[in-house]
Amino acid sequence: MEEAAEGTKLWCGAAAAMVWAGGWRGRKAAVAGLAALTLAQLVSNGVCKQVNDRPRPPKEWIPHDEVEDRPASSSFPSGHTAAAVAFTAAVAPSWPLAGTVCAAPAALVAVERVQSGAHYPSDVAAGAAIGLLSAWLVRRLPQLAPRMWR
């Protein structure tokens, strides 16, 4: 899970900036973003990587030395991408400007995971899907919870 912690530093910093600069809207966006990120990490790293044992792309495909620094865990799905997309997608409804600002680094995270040789494009796509679903669930849970307890 050390890899997961490493991949969340950017988003925790963004959440802190939102709390500091955004007032009520910033706090609401930060909480939603961190909740979605946590759910995405649990699903991608705590569940999916444990049941899928997909090897990383072959070293021969990667034309640079960073290929030696890849994690040893399963390639599927990309937990970094799941976290980035979850945070961004959960923040955007509360604070569209912050969501727009977060979209650029989230896209760069996804591209970097393939470029570095850590993931196949399908791993990144699955991570993005987990992130979107996590954000949707976090945003919808307040409306769904009262119905579940009736």
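The values are calculated or read from the model by the stated rules, or taken from the named source; none is laboratory data. These numbers come from a predicted model, not from an experiment. Here Cβ is always computed from backbone atoms with ideal geometry, including for glycine, and neighbour counts include all displayed protein chains. Surface accessibility is based on the protein's heavy atoms, side chains included, excluding ligands, DNA and RNA. Shrake-Rupley method; radii C 1.70, N 1.55, O 1.52, S 1.80 Å.
One table, with the values for the structure above:
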quantity	calculated
Nearest-10 value in Å² for the accessible area of Ser73, using the 1.4 Å probe	40
Net charge dipole size for the chain [Lys, Arg +1 and Asp, Glu -1 on Cβ; Debye, nearest 20]	1060
Candidate lysines - alpha carbon under 25 Å from Lys28, same-chain residues fewer than 8 apart omitted	Lys9
Helical contribution to [θ] at 222 nm, DSSP H n ≥ 4, -39,500 (n - 2.57), averaged over the chain, rounded to 500	-23000 deg cm²/dmol
Set of lysines near Lys59 by C-alpha distance (under 26 Å), chain-local residues within fewer than 8 positions excluded	Lys49
Nearest-20 debye value, the stretch 30-113 charge dipole, Cβ charges on Lys, Arg, Asp, Glu	280
Overall Cα dimensions of the chain - principal axes, largest extent first, Å	51, 37, 22
Folded to 0 to 90 degrees: helix 121-148 orientation relative to the chain principal axis, Cα	20
The stretch 73-150 shape via C-alpha gyration tensor axes, a/c threshold 1.5	oblate
